[in-house]
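Okay, structure first, notes after.
Coordinate-derived values only; no laboratory data. Keep in mind that this is a model prediction, so the values were computed, not measured. Every residue, glycine among them, receives a Cβ derived from its backbone with ideal geometry; neighbour counts consider all protein chains shown.
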Amino acid sequence: MPNEPRKLVLVEPIRVRFQISDPWDLGESLSWKPLVGDLIDVVQQNGREHGLLRSDAPFGPSGEERRHFITGPRHEGKGFADLLAGTKIPASCLAITDAQVTATWWTAEQAWRGRGLAMIGSLTRVAPGASDSAS
């Protein structure tokens, strides 16, 4: 069935950096600090890829910090394979609660409906052995 999700196998987590570009006020309030963590799960459904990102530390504005985010490419024809090849990809990032990290975590995006922390920006792979800080 075309709507059935297909899990993509990750041999190990992928170290990534998400750099916010919007919302501007969030970027300003966080001094444009990137979200750094590991892409720990990937699902493909309806031609879109969704990744589960676990941040190294709670991230977000005070009172709304989260450790888990649904992220994915924003442009058609871009995917996590581009990220693995070293290409920066335009991406979205949506905060989810720890309770939403279940076997079907990608469905939390559908329940979001404009509430909570959502960002757009770019996702970059942090090469093994490289510094996690923004370059």
Exercise for the section: Please sort 54-66, 17-29 by packing, taking for each peptide the average over its residues of neighbouring beta carbons within 10 angstrom, highest first. Expected result: 17-29, 54-66
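Report the charge-dipole magnitude of region 6-125 in Debye, nearest 20, computed about the Cα centre from +1 at each Lys and Arg Cβ and -1 at each Asp and Glu Cβ.
Computed about the Cα centre, the dipole is about 240 debye.
Using just the Cα positions, wrap region 6-125 in a convex hull and report its mean projected area in square nanometres, one decimal place.
7.1
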Handout entry: Estimated inter-spin distance, residue 48 and residue 64, nm [label 7 Å along Cα→Cβ]
Key = 2.0
Practice task
Find out how many positive minus negative residues lie around residue 90, taking Lys and Arg as positive, Asp and Glu as negative, among other residues whose Cβ is under 9 Å from that of residue 90.
Solution key: +3
Exercise for the section: Mind grabbing the base-10 log of I(q)/I(0) for region 24-65 at q = 0.15, 0.16, 0.30, 0.31 Å⁻¹? Debye formula, identical points on the C-alpha positions, no solvent, two decimal places. Expected result: -0.51, -0.56, -0.99, -1.02
Completion exercise
Simple SL model, points at 7 angstrom along Cα→Cβ for residue 56 and residue 120; separation in nm is 2.8
Problem - Length gained when the stretch residue 102-residue 21 is fully extended (0.36 nm per residue, less Cα-Cα span) - result: 26.3 nm
Problem - Contour excess over end-to-end distance, with Cα ends at residue 127 and residue 81 and 0.36 nm allotted per residue - result: 15.1 nm
